[in-house]
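Worksheet for the structure shown next.
Every number here is computed from the coordinates shown, using simple stated rules; none is lab data. All values derive from a computational prediction rather than experimental measurement. Note: ideal-geometry Cβ built from the backbone for every residue, glycine included; neighbour counts use all protein chains shown.
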Amino acid sequence: MPVIEIRQASEHAGEEVTVQGWLYNLRESGKLLFPLIRDGTGIMQGVVSKGAVSPETFERVRDLTQESSLRATGRVRADARAPGGFELDISEVDVIQRIPPDRPYPITPKEHGIEFLMDHRHLWLRSSRQRAILGVRHEIIKACRDFFDDRGFTLVDAPIFTPAACEGTTTLFEVKYFDDKAYLTQSGQLYNEAAAAAVGKTYCFGPTFRAEKSKTRRHLTEFWMIEPEVAFAHLDDICALAEELVAFVVGRVLDRRRAELKTLGRDASKLEACILPFPRITYDEAVKILQTKGSGIQWGSDFGGTDETILSQQFNKPVVVTHYPGQVKAFYMAPDPQRPELALCVDMLAPEGYGEIIGGGERIADYDLLLRRIEENRLPREAFEWYLDLRRYGTVPHAGFGMGIERVVAWICGLDHVRETIPFPRMLYRLKP
Ligand code: 4AD
Ligand code: MG
C-alpha cells in the first residue's frame with residue numbers, strides 16, 4: 001500500500017493508502033472507533049467500524065493509548081466535518097508500540113505547569129502548538145536565507161570558539177580549550193567584517209551565546225542570530241536593509257503559515273499592518289516619548305526591558321531607533337561626525353511590546369580610533385590584532401546588524417516568552433533536556 005503523508009490526503013481521495021504516525025486521541029461511539037492520528041505533517045481522523053474489520057483489529061485499536069505508534073491502512077474519504085477535511089476508513093492497523101496504560105505518556109490534554117512541560121520538552125514538541133511554532137520558526141529562517149541569497153549576499157560561517165569578546169566581557173562563556181581558554185561566540189560580527197572585505201555583502205547564521213544572568217522573557221543563553229555585513233554601507237543603508245528584511249519575513253509567514261498562526265491564536269491583522277515604511281526615530285526622541293509615558297529614564301542610559309516594551313507599544317509596526325549615546329553601545333560603533341557622543345547605530349523594536357529584535361550599525365573604519373576604543377574598553381589588544389588588520393589593509397566604511405531569531409519568532413507567533421521559540425532552550429536555570 002502506498003504510504004502517504006497526512007498533508008497530502010486530499011490528493012488521495014478514494015484511494016487505499018497507509019499513514020504512519022502516533023495516536024493523538026481516541027474516541028469511541030457504539031460500534032465505531034475514531035482514532036486521531038498525527039504524523040508530523042497533519043492530523044487525520046480514522047474510522048474503524050466493528051463490522052468492517054476483524055475482531056482482533058477492532059480490539060487492537062480500542063486498546064491504543066495516547067502517543068502509541070502505528071501504521072493504519074484504509075481508504076481516504078472526503079468529509080467536510082473532519083479535521084483536515086479527510087477521513088481514513090481503516091481496514092487494518094499495525095501497532096509499532098503500544099504505550100502500556102500503567103506507564104502512560106506524561107503529557108495529557110489536561111493543563112500542565114510550565115516547569116513540567118519544560119522538563120518534558122523532548123515530548124512537548126509533539127503538541128499541535130509546539131509543532132506550529134517549529135513550522136513558523138523554520139519559515140522565518142528560510143525567509144531570512146532567501147532574502148539575503150536573492151540579494152547577492154554570500155553566506156560565510158563564523159566560528160563558535162573565539163579568542164575575544166564582541167559584545168562586552170560580562171556575558172562571555174569561558175570554555176577550556178586544550179591548555180588554553182576560549183569563549184563561546186557572542187556574535188559573528190567581527191568575522192563578518194573580515195568576510196565583507198572579501199565578498200562585499202555577507203551574512204552568517206548560527207548559534208550565539210551570552211552568559212545572561214537575567215531571568216527575563218527575552219533572554220536565552222544560547223540563541224540563533226542572522227547577521228548581514230555590507231562593505232561601503234552606511235547607517236541609512238543598513239536601516240533600510242533591516243526594514244526590508246523584517247517586512248519580507250513577516251510577509252512570507254503570512255503567505256505560507258496561516259494555518260500555524262491560526263493554531264497559535266495569533267491575530268494576523270497585527271502582522272498584516274507591518275508593511276513598509278517603518279517609523280524611524282532617534283534615541284533623543286525615544287527618551288522624550290518614554291519620559292512622557294512615565295519612565296524614569298535619563299538621557300545617556302540604555303533602555304531597560306520596560307522602556308523597550310513601552311516604546312514598542314507606541315507604534316503598530318516595528319520602530320527603528322538610531323543614534324544612541326556611544327557609551328551604552330559596543331566598542332566598535334562608529335561615532336556620528338556631527339555629534340561624536342552618539343553612535344551611528346540602530347536597534348529595531350518589534351511592536352506589541354516585544355522589544356528589540358535587531359541591533360547593529362556602522363563600524364569604526366579608522367585604525368587609530370578603533371585602537372583607542374579597544375584600549376579604553378580594556379580589551380586585550382593581542383586578541384584584536386587580526387581585527388585591526390582590517391583597518392590596516394584597505395579599510396572602507398561598512399555596516400551590518402544582527403537579528404535574533406527567537407525574538408522574531410516570539411513576536412510573530414505572539415508568544416509571551418522566548419523559551420517556546422527554540423526547540424531546546426538554554427536559560428539561566430535550564431540546561432535540560
Ligand atoms: O544587539 P546585539 O547584542 O548585537 C550584536 O550582537 C551585534 N554584534 C550584531 C551585529 O551587528 N552583527 O544582538 C543582536 C540581536 C538582538 O537585537 C536580539 O534580537 C538578539 O540578538 N539577542 C538575544 N536574543 C535572545 N537572547 C539573548 N540573550 C539575546 N541577546 C541578543
Ligand atoms: Mg542590542
Taking the Cα centre of the chain as the origin and placing charges on Cβ (Lys, Arg +1; Asp, Glu -1), which of ILE281, MET427, GLY304 is farthest toward the positive end of the dipole?
MET427
Between ASN316 and ARG75, what length comes free when the chain is fully extended (0.36 nm per residue of separation minus the Cα-Cα distance, one decimal in nm)?
81.9 nm
Note down the net charge around PRO433, summing +1 for each Lys or Arg and -1 for each Asp or Glu among other residues with Cβ under 12 Å from its Cβ.
+3
Lys/Arg Cβ at +1, Asp/Glu Cβ at -1, dipole of the range 276-433 taken about the Cα centre: which of ALA410, GLY294, VAL320 is farthest positive-ward?
ALA410
Tell me, in nm to one decimal, what length is gained between ALA259 and LEU431 on full extension, where the rule is 0.36 nm per residue of separation less the Cα-Cα distance?
58.8 nm
Need one word for the range 1-55: rounded, prolate or oblate. Basis is the Cα gyration tensor (sqrt eigenvalues a ≥ b ≥ c); a/c below 1.5 gives rounded, then a/b vs b/c decides.
oblate
Pairs LYS288/LYS317; LYS262/LYS293; LYS142/LYS262; LYS293/LYS317; LYS142/LYS201; LYS181/LYS432: which exceed 22 Å Cα-Cα?
LYS262/LYS293; LYS181/LYS432
Tail fraction, Cα-Cα pairs, the range 57-141, threshold 20 Å, whole percent:
55 percent
Rh (Kirkwood; distinct C-alpha pairs) - the chain, Å:
24.4 Å
What is the spin-label model distance, in nm, from ASP366 to VAL95 if the labels are put 7 Å beyond Cα along the C-beta direction?
7.7 nm
Of 29-38, 84-93, ordering from highest average Cβ density within 10 Å down gives 84-93, 29-38
Could you give the distance between the Cα centres of the range 304-330 and the range 159-231, to the whole Å?
22 Å
Could you sort 382-391, 413-422, 356-365 so that the peptide with the highest average Cβ count within 10 Å comes first and the rest follow in order?
356-365, 413-422, 382-391
Considering only C-alpha atoms, what is the centroid distance from the range 17-43 to the range 360-383, in Å?
61 Å
So what does the Cα-only Debye profile of the range 82-200 read at q = 0.12, 0.14, 0.21 Å⁻¹, as log10 I(q)/I(0), no solvent term?
-0.85, -0.96, -1.23
Over the range 121-420, relative contact order from alpha-carbon pairs under 8 Å, at least 6 apart, %:
20 percent
Taking the simple approach of a point 7 Å from Cα along Cα-to-Cβ for both THR169 and PHE232, what is their distance in nm?
3.8 nm
Length-normalised contact order for the range 3-97 - Cα pairs under 8 Å, 6+ apart - percent
31 percent
Apply the Karplus curve 6.51 cos²θ - 1.76 cosθ + 1.60, θ = phi - 60°, to the phi angles in the range 416-433 and return the couplings in whole Hz, x for Gly and Pro.
8, 8, 6, 4, 8, 8, 10, x, 10, x, 10, 9, 3, 10, 9, 10, 9, x
Could you work out the local net charge near ASN316, counting Lys and Arg as +1, Asp and Glu as -1, over the other residues with Cβ closer than 14 Å to its Cβ?
-1
For the range 260-314, what size does the Cα cloud have along each of its three principal axes, sorted from largest down, in whole Å?
42, 23, 17
Lysines whose Cα lies under 24 Å from that of LYS50, excluding same-chain neighbours fewer than 8 positions away:
LYS31
To the nearest 20 debye, what is the magnitude of the charge dipole of the range 121-420 about its Cα centre, counting +1 on the Cβ of each Lys and Arg and -1 on the Cβ of each Asp and Glu?
1240 debye
Packing-based order for 334-341, 312-319, 43-50, 56-63, using average beta carbon neighbours within 10 Å, highest first:
43-50, 312-319, 56-63, 334-341
Neighbour cut-off at most 15 other Cβ (10 Å), DSSP loop, chymotrypsin sites (Phe, Trp or Tyr not before Pro), the range 243-310
TRP299
The range 118-167: trypsin sites (Lys or Arg not before Pro) in DSSP coil with no more than 16 other Cβ atoms inside 10 Å
ARG126, ARG151
Volume per residue, Å³, of the convex hull around the alpha-carbon atoms of the range 3-97?
83 Å³
